[in-house]
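Trainee: Following this message is one structure expressed as structure tokens.
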Amino acid sequence: MANNNLNQPSSLPSVIASSSVGTLIEWYDFYIFGSLALEITAKFFPASNPTAGLLSTLAIFAVGFIVRPFGALFFGRLGDMIGRKYTFLVTLILMGSSTFLIGCIPGYESIGFFAPLLILVLRILQGLALGGEYGGAATYVAEHAPPGTRGYWMSWIQTTATLGLFVSLFVIIITRKSMTPAEFSDWGWRVPFWVSIILVAVSIVIRLRMKESPMFTQLKAEGKTSANPLKDSFGKKENFKMVLLALFGATMGQGVVWYTGQFYAQLFLKNTCKMDSLQVDSWLGYALLLGTGGFILFGWLSDKIGRKVIMMAGMAAALLFTVPLFKQLYNTASPKAKAALETLDKREIKLAMTKLAKAPASGTADSLMTSDTVKYYADGSKYTKKVETILFTAGKPAAYAPKVTEKMTLSESNKWSIIFPIFLLVIFVTMVYGPIAAFLVELFPTRIRYSSMSLPYHIGNGVFGGLVPFIGALISSYNPTNPYAGLVYPLSVTALCFLIGSFFLSNKMEENVAD
Amino acid sequence: MLNLVDNKTFVIALILIGALANFITIPVNILNLIKRVLGGLWISLACVAEYFLVSAGSGKMSAATGPSAAQTITQWITILIIFTIVMVGFFIYGVYGATGQYDRAEGA
């Protein structure tokens, strides 16, 4: 069987396609949860219930960066013991079924506390599956790719994360547009989760036809697989020091550059600039699609001039240009920065007083005052602000802070002023992320490659990268007057990683990975 | 801190240092010396970062009140556990660097 596999290797494009499709679907599954977080929170985590709120925190906050490294360890160990093919088939099934089930769970109103609990469990399974998937796919492709073109072939796997985000945004936008907002909020948000099962079924069929990695097959036939991959990876100094080097010299910087370019930019436009959510997702989709070719370009280039040089250049570019690019986004989109364009004669303010049907528990409510402000700008953009305040009788102080809803809808003339900076940020992402899979597989031997490369990758991306939105928002809350304060964290980590990588990493490429 | 990473002089100096390491062949003995000195720096940085992390986290957790207190505490406990492990890793990395584990052999 082993020799049969070695004698009849799968064609490289089919290996790439079958690996990439599955990985893309896993990213899709992981991202739709985040993109639909508002709808999920409303259905499963009511703000009135503190336990549900806590579960929400764990499900949305913790899974991204706690569970993924554990998935890397668990499935990495399996992959180094029983093989790459079966392990990442398991991760795909686990991810697909978890995603589908999220779309099937009845809301909090139907089954109460079990609803958020089930969401938490399924989200943990998603995180574990993702932790196991990427290392397997990267290792599998690397062990098929010929020397000298490994960076190019592996860069196809690298496109999947960005394309997964793109496909998730695309499916959500199509679903939103095909129904009314009320229908989407009621049941339509479940559709992207159900779509996953079709994608996963197709991918499973493709992956079942794949053969085991030839290098692993040979290793197994010779009885040289590791009996305890975790001990061999992290218990032996010679290998553990390379795991640490991969983490602090490459993946931690790559993780923060990636999350800043794709997710923090999205969050920044929605939260700081108050841009319309649908508009942000659509324009981000353009930038992602335009930038995706960069993964292939820099993967190919890394075969010519080395992996390290390109990754370090990407980090240097991110250090130099991230703040100016975010300033460009802010100046284009934020209502605060666009104030000079406003003309007072085009401002509309409407006040409405409504008698409340039901008094709040803390006092006798009198009225709900709604203030709607609409501002128009010279370039055709429109800003709306709705403030809802409860007014009490007899001059009693309001028990609740006013609810403020803001939305900036930019005119089409601003489209490329938003897309181009994000496109450049995505290009930096492709520089650091394009060559990294080839870099990681060349750092570790076949017998422990799956375990060894998965852990630094998922700590770098899951922990350092995954924390960018949270820490960014936290730092911003301390510095409300500085819209760019949240960039301190990713830029500091990038600077440190750039320094470490520049001095400690080698630019040499390991031609032979069959060791 | 934002002033530092938004400071063009600092960023350009950092990139020049990096470019020096990336594009100029530094004699092996000098490169190894730099790695050992940086290893010592990473050890110090790991300790200082952990101190600030624990200070900030404990301050935030003790100040948390109201319905969102449990969420704030959960978030900070998660961050403290995860980053303490990462800082231990960074400390060990510094020790490896300072003791010459990443030294390049002459002629390599």
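The values are calculated or read from the model by the stated rules, or taken from the named source; none is laboratory data. Since we're looking at a predicted model, the values are computed, not measured. Note that we place each Cβ from the backbone using ideal geometry, even for glycine, and neighbour counts take in every protein chain shown.
Trainee: Mind counting the residues in region B:63-90 that are touching a helix residue (DSSP H, G or I) at 6+ places or on another chain (Cβ under 7 Å), within 10 Å of chain A (Cβ to nearest Cβ) and under 19 Å from residue B:42 (Cα atoms)?
Mentor: Going through region B:63-90 one residue at a time, the tally reaches 5.
Trainee: Next up: If you go through region A:254-281, how many residues are closer than 17 Å to residue A:331 by Cα and among the β-branched types (Val, Ile, Thr)?
Mentor: 2
Trainee: Still on this structure, please answer the following. Can you name every residue in region A:213-249 that is hydroxyl-bearing (Ser, Thr, Tyr) and crowded, with 18+ Cβ neighbours inside 10 Å? Walk me through it before giving the result.
Mentor: Quick first cut of region A:213-249, residues hydroxyl-bearing (Ser, Thr, Tyr) only: A:213, A:217, A:225-226, A:233.
Selection gives A:213, A:217, A:226, A:233.
Trainee: Then there's this: Check region A:213-223 and report whether any residue there is in a helix (DSSP H, G or I), of a type in the set (Ser, Thr, Tyr) and under 24 Å from the mean Cα position of the chain (by Cα).
Mentor: Taking region A:213-223 and keeping what is in a helix (DSSP H, G or I), we get A:214-221.
Those still in the list that are of a type in the set (Ser, Thr, Tyr) too: A:217.
Restricting the remaining residues to those that are under 24 Å from the mean Cα position of the chain (by Cα) gives none.
No - not one qualifying residue is present in region A:213-223.
Quick grid of which residues meet (1) over 21 Å from residue A:325 (Cα atoms); (2) of a type in the set (Ser, Thr, Tyr):
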site: A:211; (1), (2): yes, no
site: A:219; (1), (2): yes, no
site: A:226; (1), (2): yes, yes
site: A:248; (1), (2): yes, no
site: A:258; (1), (2): no, no
site: A:262; (1), (2): no, no
site: A:277; (1), (2): no, yes
site: A:299; (1), (2): yes, no
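Trainee: Please return the ranges of helices (runs of 4 or more DSSP H) entirely within region A:1-101 where 1 or more residues are among the aliphatic types (A, V, I, L, M) and modelled with pLDDT under 80. Talk me through it step by step, then tell me what you get.
Mentor: Details: elements: A:2-7, A:12-35, A:37-44, A:50-56, A:68-81.
Helices (runs of 4 or more DSSP H) meeting the threshold: A:2-7, A:37-44, A:50-56.
Trainee: For residue B:40, all conditions in the list (1) within 21 Å of the chain's Cα centre (by Cα); (2) at pLDDT below 90 hold save one; what is the number of the exception?
Mentor: (2)
Trainee: Can you list the helices (runs of 4 or more DSSP H) lying wholly within region A:446-515 that have 2 or more residues being within 20 Å of residue A:68 (Cα to Cα) and among the polar types (S, T, N, Q)? Outline the logic, then answer.
Mentor: Values: elements: A:449-458, A:468-478, A:488-504.
By residue number, A:449-458.
Trainee: Residue check, residue B:40 against (1) facing another protein chain (nearest Cβ under 9 Å); (2) assigned to a helix (DSSP H, G or I), all met but one. Which one?
Mentor: (1)
Trainee: Tell me, please, whether a residue that is crowded, with 21+ Cβ neighbours inside 10 Å and over 17 Å from residue A:80 (Cα atoms) can be found in region A:170-180.
Mentor: Yes: region A:170-180 contains one or more residues that are crowded, with 21+ Cβ neighbours inside 10 Å and over 17 Å from residue A:80 (Cα atoms).
Trainee: Of the residues that make up region A:401-418, is at least one in a helix (DSSP H, G or I), crowded, with 20+ Cβ neighbours inside 10 Å and of a type in the set (D, E, K, R)?
Mentor: No, region A:401-418 contains no residue that is in a helix (DSSP H, G or I), crowded, with 20+ Cβ neighbours inside 10 Å and of a type in the set (D, E, K, R).
Trainee: Tell me, please, whether a residue that is more than 16 Å from residue A:15 (Cβ to Cβ), in a helix (DSSP H, G or I) and of a type in the set (S, T, N, Q) can be found in region A:124-138.
Mentor: Checking region A:124-138: at least one residue is more than 16 Å from residue A:15 (Cβ to Cβ), in a helix (DSSP H, G or I) and of a type in the set (S, T, N, Q).
Trainee: While we're here: For residue B:57, work out the one condition from (1) more than 9 Å from chain A (Cβ to nearest Cβ); (2) touching a Ser or Thr at 6+ places or on another chain (Cβ under 6 Å) it doesn't fulfil.
Mentor: The one condition residue B:57 does not meet is (2).
Trainee: Right, next: For the structure I just gave you, tell me whether residue A:263 is aromatic (Phe, Trp, Tyr) and within 14 Å of chain B (Cβ to nearest Cβ).
Mentor: No: the conditions fail for residue A:263.
Trainee: Something else now. Looking at region A:459-469, can you tell me whether even one residue there is without any contact (Cβ under 8 Å) to a residue 60 or more places away in the chain, more than 11 Å from chain B (Cβ to nearest Cβ) and not aromatic (Phe, Trp, Tyr)?
Mentor: No, the conditions are met nowhere in region A:459-469.
Trainee: Here's something else I'd like to know. Quick check on residue B:101: is it assigned to a helix (DSSP H, G or I), among the polar types (S, T, N, Q) and within 11 Å of chain A (Cβ to nearest Cβ)?
Mentor: Answer is no for this residue.
Residues checked against (1) surrounded by 18 or more Cβ atoms within 10 Å (Cβ to Cβ); (2) of a type in the set (A, V, I, L, M, F, W, C); (3) in contact (Cβ under 8 Å) with a residue 24 or more places away in the chain:
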| position | (1), (2), (3) |
| --- | --- |
| B:25 | no, no, no |
| B:57 | yes, no, no |
| B:61 | no, yes, no |
| B:64 | no, yes, no |
| B:75 | yes, no, no |
| B:79 | yes, yes, yes |
| B:83 | yes, yes, yes |
| B:96 | yes, no, yes |
| B:105 | no, yes, yes |
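Trainee: Select from region A:78-93 the residues that are surrounded by fewer than 23 Cβ atoms within 10 Å (Cβ to Cβ) and not β-branched (Val, Ile, Thr) and write down the one among them that is farthest from the chain's Cα centre (by Cα). Don't jump to the end; show me each part of the working.
Mentor: First, the residues of region A:78-93 that are surrounded by fewer than 23 Cβ atoms within 10 Å (Cβ to Cβ): A:78, A:81-83, A:85-86, A:89-90, A:93.
Then drop every residue that is not not β-branched (Val, Ile, Thr), which leaves A:78, A:81, A:83, A:85-86, A:89.
On the way: A:78: 25, A:81: 29, A:83: 27, A:85: 25, A:86: 25, A:89: 22 Å.
Applying the filter and picking the extreme gives A:81.
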